[in-house]
Amino acid sequence: NPEDLNLPFVISTVGLTGTEGVVNLVRASKYYLVYSAKGCGKVLINEDWQQLPEGSLLFINRDDHITYQPVDDSSWSTFYLTFNGPVIKSLINISSCVVNDDSMRFFSDFILKAKDKFNDDDFFAFIQGGLLYTLQLLRNSTLDIYDKKCIRPDSSDTQSKISESIRYLTEHFNEDIAVSYLAER
């Protein structure tokens, strides 16, 4: 338990499934990110089945009851990451949801690069940074900032800057990027 260790968050598992089956979670002890890598799945959220097409990301809040599975017994593979900790709710305090946005394709690249970095000294820093970045993308997508669905007076310039920053980070996530450089862009 991260709280027992006095840690802000802990990543439990990172991986990929060959073929995903039926998964039923009732108030899980951790949060989940499940990326639909190949094929199509579906998830039951609040008594409503939603599609998980290839390229979509499922965020599972540990407090929710969620069932996810392949569509029509077809072959469906996923990338996943599970995590927990007291800081997570302050980073992203949302219910379970599906995000089908091009920015989520970052997660696939992130997990594949993590697999290649498994034996490197910076593996844990890479995983932590990737998780935090994914949560920020997820938060922005659910707040409708990234896709500009949310229009507020006098905010289009700010939204444009945020979108450009997120796009740049998505394309260059594996590089060292100074905050000052990103602020200049």
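The values are calculated or read from the model by the stated rules, or taken from the named source; none is laboratory data. None of the values given here were measured: they were computed from a predicted structure. Cβ coordinates were reconstructed from backbone atoms using ideal geometry, including for glycine residues, and neighbour counts include every protein chain displayed. What goes into the accessible areas is simple: the full protein's heavy atoms, side chains included, and nothing from ligands, DNA or RNA. Shrake-Rupley method; radii C 1.70, N 1.55, O 1.52, S 1.80 Å.
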| request: Please give the FRET efficiency for residue 65 paired with residue 164, using the beta carbon to beta carbon distance and R0 = 35 Å, rounded to the nearest 0.05. | output: 0.40
| Two-site FRET efficiency, residue 87 against residue 47, from Cβ-Cβ distance with R₀ of 22 Å, rounded to 0.05 | 0.10
| Expressed in nm to one decimal, what extension gain is obtained for the pair residue 74 and residue 24 from 0.36 nm per residue of sequence separation less their Cα-Cα distance? | 16.2 nm
| request: Kindly state, as a whole number, the per residue volume in cubic angstrom of the convex hull around the alpha carbon atoms of the range 1-107. | output: 96 Å³
| query | Given charges of +1 on the Cβ of Lys and Arg and -1 on the Cβ of Asp and Glu, with all other atoms neutral, how large is the dipole of the range 1-119 about its Cα centre, in debye to the nearest 20? | reply | 360 debye
| remark: From highest to lowest solvent-accessible area (probe 1.4 Å; ligands, DNA and RNA excluded), 75, 96 read 75, 96
| field | Distance histogram for the range 55-102 (every C-alpha pair counted, 10 angstrom bins, percent rounded to whole numbers) | value | 19, 51, 25, 5
| How much accessible area per residue does the range 62-102 have, in Å², with a 1.4 Å probe? | 45 Å²
| note | Per the charge dipole of the range 1-120 (beta-carbon charges, Lys/Arg positive, Asp/Glu negative, Cα centre), the residue among 7, 76, 60 reaching farthest to the positive end is 7
| field | Cα→Cβ-extended label distance, 7 Å offset, between residue 54 and residue 124, nm | value | 3.7 nm
| When the chain is fully extended, how far beyond the present Cα-Cα distance does residue 100 get from residue 142, taking 0.36 nm per residue of separation? | 14.1 nm
